[in-house]
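Heads up: the structure comes next, in structure tokens.
The values are calculated or read from the model by the stated rules, or taken from the named source; none is laboratory data. Model, not experiment: these values are computed from the prediction. Every residue, glycine among them, receives a Cβ derived from its backbone with ideal geometry; neighbour counts consider all protein chains shown. We work out accessible area using only protein heavy atoms, side chains counted, and drop any ligands, DNA or RNA first. Shrake-Rupley method; radii C 1.70, N 1.55, O 1.52, S 1.80 Å.
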Amino acid sequence: MARVALDHLSVRFGQVAAVDDISIAFEQGEFIVLLGPSGCGKTTTLRCIAGLEQPTSGKIFFDQDEVSHLPPRARQVAMVFQFVSLYPHLRVRDNIAFPLRARGEGRAEIERKIAWMSKIFDLGDILHRRPGTLPPGARQKAALARAVVREPRVLLLDEPLSAIDEQFREEMRWELRHLQKELGMTTVHVTHDQREAMSLADRVVLMRAGRIVQAGTPRELFDDPVDEFAAHFIGSPSVNLIDASFSEDGVALGEAGVPIRLPERHLEALRRSGLRRGRIGIRPHSLRPAGRDDHAAVPVERPIAYAVGRERFLDFELSGQTWRGVLPADAGDSLPERMQLDPARIFYFTPEGVRLPVA
Amino acid sequence: MRQAIPAGRTAAHAVPRAISDRTICGLFMAPALAILLLMVAYPFISLLYYSTLNFSILNPAKGSEFIGLQNYTRLLSRESVWERFVFTGQFVLATVVVQFCVGVAVAYAFQRNFKGRDLLFTIAMLPMMLCPIVVGFLWRYMFNSEWGVVNYLVTLLGFGKIDWLGVPGNALWAVVIADAWMWTPFVILLATAAFRGIPTDINEAAEIDGASPFFRFTRVTLPMSMPILLIAFLLRLIDAFKQSDLFFAMTGGGPGSDTETVAFRLGKIAFSHFYTGQASAFAVIMLVIIIGLSLIFVRLLTQQGRQD
Amino acid sequence: MPFHRQPILIPAIVIGIYMIYACGPLLWLVLSSLKDRQELFSWPPSLFFTPDLSGYRMVFGIGEAAETATALGLTDALINSVVISVSGTVLAVAFGTLAGYACSRFAFPGRDDFMFFALSTRMIPPVAVLVFYHVMFSRLGLSDTRTGLILVVTFINLGLATWIMKGFFDGVPEEIENIALVNGYTRLYAFWNLVLPMVRGGIAATAGFCFIFAWNEFAFSTILATTQAKTLPVKISSATGATGIEWAQICAAGVVLVIPVAIFFWLIRKYLLMGMTFGVLGRSRT
């Protein structure tokens, strides 16, 4: 298992920079998730690490070894692909043996490792079947076994769970997480599903337009997004956002200019920034019915309450936009007239979307 | 897909009751079936019938005499006929092996993307598009022992001129070179189609798994494209077996009748000697061989399919 | 630093050597078509010479070259060839498309047998059946007619056309028709307006193949077309007169003949590769 370092990595396809000057290191044994919308460069980054794509500039290191220009087969990496991940003409056991045979390992050694994988992944029943006859979940499990069996320096996963149905996916996530910890594999996992990222990663690397927006633990990304994009991309249901104007008198929200009372400390920071306008964001879980005190509260118009499982949400209109908050589970049927923003969890953004620190 | 599926019709434009799928199936199959049956059934029944007769189409007035299987026994007891089968076998084996080794290798090389590949590929396909009779004459011209360009190249290499078409052993190879020249493109085309049908992910997975290009070729590319390669092999095998145009143009079957293939000899019996009965028996033998070969291949092919 | 996923050297050598083998004779074909009598037989064979168009003149029967006894004057044969191969291609593609669709969508009894039978027609050696075509044609009044040859050309391509088209139809999801059927349209409507446009590429590829074989068909035509219906390949083979073989003329004819096919092939090249999987690979994909 290796530490992986990307040093000013760039990949250009013609005029387009798919990956734009990325520098980051993944520690040994770390579970990294590259997250972002499609076209953000996450898959290209992964393929660079695999050696399937050529960096236009920059370097890639596995521990001390520079691998930037090595062909894939010299890198000792393993990869699981999104759809076609197994060799369709080979039985599962031969699929698992494939990377071992490719490197000329002995027969006994191969048998031992197949048995080992079969035990870890519980493949006993399907070892002699062909991929075509297996459900997608079992296929990806076998693909994972084929990747792990060769004890790679880095395990690369390219949306391996997206073709699997919801129920089985949860189970696979759980298994993947356990396995990764058990074997201590440095793992780089690509996904566009923020929930998957949050539930798997030691560290999430959020990307956009070929650049890293933010890298940190799932908690950090959720609580402390660096900009509006990060705040918006992570969290479900997603963050409430609204335009705001800042003046000496205070803060007004949306086109309607709904006034809101904010902590003095925040107003002070806004004044210091000299901004006249910007945006305010609050996660639904930090937006709750207001008590008697109307500090940081907003009026509720045209409310609709609904429950998802045991969680209750309240959608309402604020200056022509729909906002979402949560209701306590034990609240009665009466709907609150005002909702309160948790002051410690309000995000302020400049009109360009950069987060404004207020603490 | 360009068209959206149109929204349903209202009852007002109710169409006349739709034709049943069964009828459509019948209608769609009818023309193909009719032509194939007409063009196959009539000659086949005639073949079987005439193969038992002593009959010449040149002299129908003389009438036909039923002689049972004598046409067959006479043919098969003649050593010269067996020699034709041996010669044809040698030719088929040589040309198909050459075509496949070269064709598959070139197709694999064409998997790499490079500038101008499409153009180069199309040029590589050209020999297949030429008229077979022209190909025959072209190679005959080039193989001419006195002023042919092939012998010129041979002399450049420091050897003496070779009598390509006048010596049976040489002539065999000369025709193999010409036949392979013309039909390797067909193998390249089918092999390329087969290779491209392999998902990119599979090839990338193999690379990541540490497979060398050779390992990948033998363990992934070849097995995965086997069904199509088998079809290509069958088509080439049969075409080579019935090859006569090239021999007609290049050697005329000579020297003597040493370079006559089975098909060539059949043509001679049928259209030079006009022994229609005997020709029919000969054709039946040929067809039995061809159908036998293809049944073996269809068996192989369905076995391949069943593995998945 | 250059990046090498695999060494390009070996593929380049393989393609390079093959291209010499493929292009050498092609070059020689073109060169020889431009040589006059002296150049044709010069030793050492010449690479550079003053081009002489008499081969081409003889092919088209232009000018004094046309007066030569062995000049082909291919105009009639050209018309025959175009009419026969175009009609034969259209018919084979049309019937093959219909049969390919039926074989792809309906599981009728004997379908697999039909598919094998269709393919096996390509295996029949022409000489084996020619005598009886001759007899059959004279009974039907088709001897030495374009109609007769169109029938033959359609026949030799029909099996292949059915196979290739079935492969393309297999690639079109059946939901296409099902949705239309549910919406009250007939299967014929769905076939004509929805499915056919989706396999246009396949039709082009099939037509390409059929045209190559139709255009170059020799074995049947040489026996069945005795005078009136002679096609180009048949006519060319007769350029071997008493005065010997007119090499320049044969080569010129070869060049002229291959041009339409090559253009056609270039236009449909990307569909050809798709078509030649016969729908077989689809089965083994995961």
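For this structure, a couple of remarks:
- For the stretch A:45-65, a tally of residues being assigned to a helix (DSSP H, G or I) and either of a type in the set (A, V, I, L, M, F, W, C) or within 14 Å of chain C (Cβ to nearest Cβ) (or both) returns 5.
- Search result, residues across the stretch C:109-119 that are assigned to a helix (DSSP H, G or I) and open to solvent by 20 Å² or more (accessible area, probe 1.4 Å): C:111, C:112, C:113, C:116, C:117
- Taking the stretch C:213-238 as the range and being aliphatic (A, V, I, L, M) and surrounded by 21 or more Cβ atoms within 10 Å (Cβ to Cβ) as the test, the residues that pass are C:214, C:219, C:224, C:225, C:229, C:232, C:234, C:236.
- When residue B:236 is tested against the conditions (1) open to solvent by 10 Å² or more (accessible area, probe 1.4 Å); (2) more than 11 Å from chain C (Cβ to nearest Cβ); (3) in contact (Cβ under 8 Å) with a residue 40 or more places away in the chain; (4) not acidic (Asp, Glu), the lone failure is (1).
- Filtered residues of the stretch A:186-207 (kept if in a strand (DSSP E or B) and over 13 Å from residue A:220 (Cα atoms)): A:187, A:188, A:189, A:190, A:191, A:207
- Within the stretch C:29-65, the residues that satisfy the criterion of being hydrophobic (A, V, I, L, M, F, W, C) and open to solvent by less than 20 Å² (accessible area, probe 1.4 Å) are C:29, C:40, C:58, C:59, C:65.
- Where residue B:275 falls short, out of the listed (1) more than 9 Å from every other protein chain (Cβ to nearest Cβ); (2) open to solvent by 20 Å² or more (accessible area, probe 1.4 Å); (3) of a type outside the set (A, V, I, L, M, F, W, C); (4) free of Cβ contacts under 8 Å to residues at least 40 places away in the same chain: (4)
- Of all residues assigned to the stretch B:161-180, none qualifies as being facing chain C (nearest Cβ under 7 Å), surrounded by 17 or more Cβ atoms within 10 Å (Cβ to Cβ) and under 28 Å from residue B:231 (Cβ atoms).
- Some residue of the stretch A:25-44 being open to solvent by less than 10 Å² (accessible area, probe 1.4 Å) and within 14 Å of chain C (Cβ to nearest Cβ): no
- Among the criteria (1) part of a helix (DSSP H, G or I); (2) of a type outside the set (Ser, Thr, Tyr); (3) surrounded by 13 or more Cβ atoms within 10 Å (Cβ to Cβ), the one residue B:97 does not fulfil is (3).
- Residue count for the stretch B:140-152, restricted to those that are more than 7 Å from every other protein chain (Cβ to nearest Cβ) and either at pLDDT 90 or above or surrounded by 14 or more Cβ atoms within 10 Å (Cβ to Cβ) (or both): 7
- Qualifying residues in the stretch B:36-83 (those that are among the β-branched types (Val, Ile, Thr) and outside any loop (DSSP other than H, G, I, E, B)) - the one nearest to residue B:270 (Cα to Cα): B:81
- Restricting the search to helices (runs of 4 or more DSSP H) fully inside the stretch A:78-168 and requiring at least 3 residues that are over 32 Å from the mean Cα position of the chain (by Cα) and more than 11 Å from every other protein chain (Cβ to nearest Cβ) gives A:107-121.
- When B:130, B:126 are checked against the criterion of being hydrophobic (A, V, I, L, M, F, W, C), in contact with a Gly (Cβ under 8 Å, 6 or more places away or on another chain) and touching a residue at least 12 places away in the same chain (Cβ under 8 Å), B:130 stands alone in meeting it.
- Filter result for the condition that a residue is under 22 Å from residue B:289 (Cβ atoms) and open to solvent by 80 Å² or more (accessible area, probe 1.4 Å), over B:76, B:69, B:27: B:69
- The one condition in (1) assigned to a loop (DSSP other than H, G, I, E, B); (2) touching a residue at least 40 places away in the same chain (Cβ under 8 Å); (3) within 14 Å of chain C (Cβ to nearest Cβ); (4) open to solvent by 10 Å² or more (accessible area, probe 1.4 Å) that residue A:70 fails to fulfil: (2)
- Filter result for residue A:13 (over 25 Å from residue A:126 (Cα atoms), of a type in the set (Phe, Trp, Tyr) and either touching a residue at least 60 places away in the same chain (Cβ under 8 Å) or touching a helix residue (DSSP H, G or I) at 6+ places or on another chain (Cβ under 9 Å) (or both)): yes
- The condition of being in contact with a Lys or Arg (Cβ under 8 Å, 6 or more places away or on another chain) and part of a strand (DSSP E or B) does not hold for residue A:212.
- The residues of the stretch B:239-272 that are of a type in the set (S, T, N, Q), more than 8 Å from chain C (Cβ to nearest Cβ) and within 18 Å of the chain's Cα centre (by Cα), listed by number, are B:243, B:261.
- Looking only at residues of the stretch B:112-122 that are more than 8 Å from chain C (Cβ to nearest Cβ) and open to solvent by 50 Å² or more (accessible area, probe 1.4 Å), we find that the one that is farthest from residue C:273 (Cα to Cα) is B:115.
- With a requirement of 3 or more residues that are in contact (Cβ under 8 Å) with a residue 40 or more places away in the chain, the helices (runs of 4 or more DSSP H) lying completely within the stretch C:171-243 that satisfy it span C:200-216, C:219-224, C:232-237.
- In the stretch A:162-183, the residues that are open to solvent by less than 30 Å² (accessible area, probe 1.4 Å) and in contact with a Gly (Cβ under 9 Å, 6 or more places away or on another chain): A:164, A:172, A:180
- The residue that is modelled with the lowest pLDDT, among those in the stretch A:331-348 that are open to solvent by 70 Å² or more (accessible area, probe 1.4 Å) and touching a helix residue (DSSP H, G or I) at 6+ places or on another chain (Cβ under 9 Å), is A:344.
- Check on residue B:206, outside any helix (DSSP H, G or I), open to solvent by less than 40 Å² (accessible area, probe 1.4 Å) and within 10 Å of chain A (Cβ to nearest Cβ): no
- Screening residue B:302 on (1) buried (at least 20 other Cβ atoms within 10 Å of the Cβ); (2) under 30 Å from residue A:87 (Cβ atoms); (3) hydroxyl-bearing (Ser, Thr, Tyr) shows it passes everything except condition (1).
- One residue stands out in the stretch C:171-184 among those that are touching a Lys or Arg at 6+ places or on another chain (Cβ under 9 Å) and within 7 Å of chain B (Cβ to nearest Cβ): the one that is surrounded by the most Cβ atoms within 10 Å (Cβ to Cβ), namely C:180.
- Per-region count, the stretch A:54-82, residues among the aliphatic types (A, V, I, L, M) and out of contact with any Gly (no Cβ under 8 Å at 6 or more places or on another chain): 4
- From A:328, A:351, A:284, residue being open to solvent by 20 Å² or more (accessible area, probe 1.4 Å) and free of Cβ contacts under 8 Å to residues at least 60 places away in the same chain: A:328
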